[in-house]
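Participant: Just passing along the structure, written as structure tokens.
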Amino acid sequence: KSVGVGLAHGKAILLGEHTVVYGTPAIALPMAGLTVSAAARHGTRTAPRDDHIDATIEAAADAALRRRRAPAGIPHVEITCGIPLGRGLGSSAACATAAVRAVADLYDAYRESDALYDLVQHSERQVHGSASGVDARAVAADTPIWFEHGTARPLTFGRPAVFVVADTGVSGATGKAVACVREVLGADPARAERFLARARMLVCAAADAVVSGRLDVLGQRMLIFQDLLGELGVSTPAIDRLVAAALEAGAHGAKLTGGGLGGCVVALTGSADGVERLRAALREAGAVSTWTIAFGAGS
Ligand code: MEV
């Protein structure tokens, strides 16, 4: 084979970001419209980028070599990323996933999803410090997922739900946000334990609401989780403005999604007519882009 191809897509975290780093579960949604593609070719690179993606490509090639499927040398991988960078939409995990998949395809090696996941996780840890793995699983999943301790299982909406993801236009900094949360939780371990127990309960209740189609309940859980994230210090006035605008436009709930400190907000509406009103309200409140993602009964 002379070219290996790899694909991945963006993601939005519905509930559980940050606390998932400490072992509580999270729910994530695929954003199939935000795609990343990668093409891998034999031969060494000419212009090394020397970033985490390069390190990932090298690790992926090494892994293939250990399985005696690759010639020595690092393949050239070209990545086309359609996900805005640094907005909490999974660009780093998706680029790493597409690159690893392309290398795997080129050498016809390690097709098992866990081997791919381990390589992407290695890359994610270099970017964010302590990465839970939810991004690595979500950017490779075709369905909404329930994520816990490194593994993902599909989650099905019991009733059609439409989400609008809105970009504050401010670059988030996941590594910085994760460090900020570590400081807040580390300052008072007893409080941290109570906090994580609350987060776990909220994510479990949200998953029940997803499955039973209780969108009003899901929206309430999103709002409570947004308050928790505010207490952890990762919300910002721009995020709070978008959340308030979403609620005013009739959303069931809204919250930041991903690392925070900038980045995006996810808002939930149950009706198709609600979507346009919601998008317009979010834009008016400062969103620079919006995306709509829909999941129906059975998807
Ligand atoms: C980033 O999308 C999600 C965080 O929880 C970090 C992680 O889980 O690795 C903030």
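Participant: Give, in nm to one decimal, the length gained when the segment between Ala272 and Thr80 is fully stretched (0.36 nm per residue of separation minus the Cα-Cα distance).
Facilitator: Length gained between Ala272 and Thr80: 66.0 nm.
Participant: So what's the net charge close to Val217: Lys and Arg +1, Asp and Glu -1, counting the other residues with Cβ under 15 Å from its Cβ?
Facilitator: +2
Participant: On to the next question. Quick one: pull the percent of accessible area on segment 156-295 belonging to carbon and sulfur, 1.4 Å probe, ligands and nucleic acids left out. Write out the running numbers ahead of the final one.
Facilitator: Numbers: 3200 of 5910 Å².
Carbon plus sulfur share of accessible area: 54 percent.
Participant: Please compute the contact order of segment 100-206 in relative form: average sequence separation of alpha-carbon pairs under 8 Å and at least six residues apart, divided by the residue count, as a percent.
Facilitator: Relative contact order of segment 100-206: 14 percent.
Participant: For the chain, with every protein chain kept in place, what is the accessible area per residue (1.4 Å probe, Å²)?
Facilitator: Result: 42 Å² of accessible area for each residue.
Participant: Sticking with this structure for a sec: What are the residues whose amide H is under 5 Å from the amide H of Ala12, where those residues sit 5 or more places off or on another chain and H is modelled from the backbone?
Facilitator: Here the answer is Leu29, Met31, since their amide H atoms fall under 5 Å of that of Ala12.
Participant: Please determine, in degrees from 0 to 90 and to the nearest 10, the orientation of helix 189-212 with respect to the longest principal axis defined by the Cα atoms of the chain, where the helix direction is its Cα long axis.
Facilitator: Taking Cα atoms only, the helix is inclined about 90 degrees.
Participant: Considering the options Gly23, Ala267, Ala251, tell which one lies farthest towards the positive end of the dipole of the chain, charges being +1 on Lys and Arg and -1 on Asp and Glu at the Cβ, about the Cα centre.
Facilitator: Farthest towards the positive pole: Gly23.
Participant: Using the Cα centre of the chain as origin and beta-carbon charges of +1 (Lys, Arg) and -1 (Asp, Glu), tell me which of Val217, Ile239, Gly6 is placed farthest towards the positive end of the dipole.
Facilitator: The residue sitting farthest along the positive end of the dipole is Gly6.
Participant: Where the centre of each part is set by its Cα atoms, how far does segment 247-299 sit from segment 156-217, in angstrom?
Facilitator: 15
Participant: Of His122, His252, which has the most accessible area and how do the rest follow, probe 1.4 Å?
Facilitator: His122, His252
Participant: Contour minus end-to-end for Arg241 and Arg125, with contour as 0.36 nm per residue of separation and end-to-end as the Cα-Cα distance?
Facilitator: Numbers: separation 116, 0.36 × 116 = 41.76 nm, distance 3.13 nm.
Gain on extension, Arg241 to Arg125, equals 38.6 nm.
Participant: Using 0.36 nm times the number of residues separating Ser2 and Thr143, minus their current alpha carbon distance, what extension gain do you get? Kindly include the intermediate steps, with their values, before the conclusion.
Facilitator: Values: separation 141, 0.36 × 141 = 50.76 nm, distance 3.12 nm.
Between Ser2 and Thr143, full extension yields an extra 47.6 nm.
Participant: Now, a different point. In debye, nearest 20: dipole of the chain around its Cα centre with unit charges on the Cβ of K, R (+) and D, E (-)?
Facilitator: On the way: 29 positive and 29 negative charges, 77 e Å.
Taking the Cα centre of the chain as origin, the dipole is about 380 debye.
Participant: Lysines near Lys255 by alpha-carbon distance under 30 Å, same-chain residues fewer than 8 away left out - which ones?
Facilitator: Lys11, Lys176
Participant: While we're on this one: So if R0 is 45 Å, what FRET efficiency would Ala187 and Arg153 give, r being the distance between their Cβ atoms, rounded to the nearest 0.05?
Facilitator: 0.85
The values are calculated or read from the model by the stated rules, or taken from the named source; none is laboratory data. Because the structure is predicted, anything quoted here is derived from the model rather than measured. Because the Cβ atoms are built from the backbone with ideal geometry, glycine has one as well, and the counts that use them run over all protein chains shown. Note: accessible area is taken over every heavy atom of the protein model, side chains too, but ligands, DNA and RNA are not part of it. Shrake-Rupley method; radii C 1.70, N 1.55, O 1.52, S 1.80 Å.
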